[in-house]
Amino acid sequence: MATATKRSGGTTSAGRRPGPARDHGAWFLVLPALIPILVLSIGPLLYGIALAFTDSQSGRTRPTQWVGTLNFQDLLHDTLFWDSFRIGLLWAVGVTVPQFLLALGLALLLNERLRFRWLARALAIIPWAMPEVVVGIMWRLVYNPDAGILNETIRDLGLGDGRDWLTGLATALPAVILVGIWAGMPQTTVALLAGLQNTPHELHEAAALDGAGAWRRFRTVTWPALRPVALAITALNFIWNFNSFALVYVLTNGGPGGRTRLPMLFAYEEAFRYGQFGYAAAMGCVMVAVISVLLALYLVGRLKGDQDR
């Protein structure tokens, strides 16, 4: 046909290559989404990194001076910070791993053809819709040593008089971890359920016809299809949990005796209780660097494992 368009050599229908004007138009469309990221994310991050190399403190009468790596040198010998870092890792792992396992079981259940499945799915995401502050206040009432439902149930069952879960040195961190699992499980469930629903049903039927049981179908059909989603949501959950602040702040404020003082809480106290902005910024830089390295090693290991299979 005379009107046939040219497609070779990357030309357009009119025989012209995309020019600078079209590139400028694409950037113009991207700017509304790019500007908030630069202003609200990239800008504060760069400012925080620069602040970490100063002795910035609260109050305007004292001038801020450049101190180089002095804040980072002090962090190396700050045992309280590294204790909080250890607690943060325990918290992140203690929440992320059970959260994933429980969410996987719930997603598998909600993927079955059950009666009132729609209602079960709606109820499963209720904790996700609640703000962390509200979740923290609610669970403080649950853990209340005098009138909390947990201690009341223990007394009714004759198992003892209960205890003060959030102020006990041995029970504070496990109690907070339990709340973190409950609060974050819905988003993991939703992500895994979406991955399950994208798995072709014909593969399950073919495996069942071959005589594969439920566990074998999960191992050979469900899990390979679900692995990319599981890897992504686990990595994101680990980041979110390690950077948690509001939930633990409302529940324990880092107590008792610093047993639940996560790194973000420690940095918050240094910045807004003691006014050491530069030192707190250095803590933030260390947390970002260490968690990035750990996640990079985790992702590389998983990708190598997938390739070996």
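The values are calculated or read from the model by the stated rules, or taken from the named source; none is laboratory data. Please read all numbers here as calculations on a predicted model, not as lab measurements. Quick reminder, even Gly has a Cβ in these numbers, built from the backbone with ideal geometry, and neighbours come from all protein chains shown. To get the accessible areas, we keep the full protein, side chains included, count just its heavy atoms, and leave off ligands, DNA and RNA. Shrake-Rupley method; radii C 1.70, N 1.55, O 1.52, S 1.80 Å.
Rg/Rh for region 49-98 stands at 1.18; both radii use Cα atoms, and Rh follows the Kirkwood definition. Restricting region 109-201 to GluC sites (Glu not before Pro) that sit in a DSSP loop and have at most 12 other Cβ atoms within 10 Å of their own Cβ leaves 112. The Cα-based radius of gyration and maximum Cα-Cα distance (Dmax) for region 180-232 are 12.9, 41 Å. Checking every one of the chymotrypsin sites (Phe, Trp or Tyr not before Pro) in region 203-309 against DSSP loop status and a limit of 13 other Cβ atoms within 10 Å picks out 274.
State which helices in the chain qualify, where a helix is a whole DSSP H run, it must extend 18 Å or more along its own axis by its Cα atoms, and its mean Kyte-Doolittle hydropathy must be at least -1.0. Length and hydropathy pass: 20-37, 79-110, 172-197, 223-242, 277-308. Amide H contacts under 5 Å for residue 54: 67, restricted to partners 5 or more places along the chain or on a different chain, H placed in the peptide plane at 1.01 Å from N. Helical runs (DSSP H, four residues minimum) scored at -39500 (n - 2.57) apiece and divided by the length of the chain put the mean residue ellipticity at 222 nm at -20500 deg cm²/dmol.
With Cα atoms defining each centre, region 225-263 and region 91-166 are spaced 16 Å apart in the structure. Over region 199-309, accessible surface divided per residue gives 53 Å², non-protein components excluded, 1.4 Å probe. Couplings for region 214-221, taken from phi via the Karplus curve 6.51 cos²θ - 1.76 cosθ + 1.60 with θ = phi - 60°, read 4, 5, 5, 5, 5, 6, 9, 10 Hz in order; Gly and Pro are left as x.
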